[in-house]
1. Could you look through region 24-42, keep only residues that are in a loop (DSSP other than H, G, I, E, B) and open to solvent by 60 Å² or more (accessible area, probe 1.4 Å), and pick out the one that is modelled with the highest pLDDT?
2. Within region 43-58, count every residue that is hydrophobic (A, V, I, L, M, F, W, C) and assigned to a helix (DSSP H, G or I).
3. Can you pull out every residue in region 43-70 that is open to solvent by less than 90 Å² (accessible area, probe 1.4 Å), of a type outside the set (A, V, I, L, M) and at pLDDT 95 or above?
4. Consider only pairs whose beta carbons are under 8 Å apart and that are at least six residues apart or on different chains; among these, list those whose first residue lies in region 16-36 and is under 14 Å from Met59 (Cα atoms) and whose second residue is in a helix (DSSP H, G or I) and charged (D, E, K, R).
5. For region 10-36, enumerate the residues that are small (Gly, Ala, Ser) and more than 11 Å from the chain's Cα centre (by Cα).
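The values are calculated or read from the model by the stated rules, or taken from the named source; none is laboratory data. Please read these numbers as outputs of a predicted model, since none were measured by experiment. Here Cβ is always computed from backbone atoms with ideal geometry, including for glycine, and neighbour counts include all displayed protein chains. Accessible surface areas use protein heavy atoms only, side chains included; no ligands, DNA or RNA. Shrake-Rupley method; radii C 1.70, N 1.55, O 1.52, S 1.80 Å.
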Amino acid sequence: MVAAANGELSKRDPITVMPSQTGAGFDVVDGNGTLTSVKKYGWQSLPVRVVSREQGVQMIEADKAKDAAK
């Protein structure tokens, strides 16, 4: 949080995660850059939005389709 307060890291939206296929943990759907940044600064927690695996897969597919259309 100090990094954000010092202007080193901008305010970030919660990352979006879905349950992993194995059921042990979560997979990031959106927010890999945010997760990388908070790890770099040693944050112990961050806001997370949890969606169902089905919804997460749909979000990933929609993002891939959007990128392909560019």
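1. Checked region 24-42; the qualifying residue modelled with the highest pLDDT is Ala24.
2. Narrowing region 43-58 to residues hydrophobic (A, V, I, L, M, F, W, C): 43, 46, 48, 50-51, 57.
Now restrict to residues that are assigned to a helix (DSSP H, G or I): 57.
Looking only at that region, the number is 1.
3. Across region 43-70, the qualifying residues are Ser52, Arg53, Gln55, Gly56.
4. Listed pairs, sorted by first residue: Met18/Arg53; Pro19/Arg53; Asp30/Asp63.
5. Residues of region 10-36 that are small (Gly, Ala, Ser), as a first pass: 10, 20, 23-25, 31, 33.
Those that are small (Gly, Ala, Ser) and more than 11 Å from the chain's Cα centre (by Cα): Ser10, Ser20, Gly23, Ala24, Gly25.
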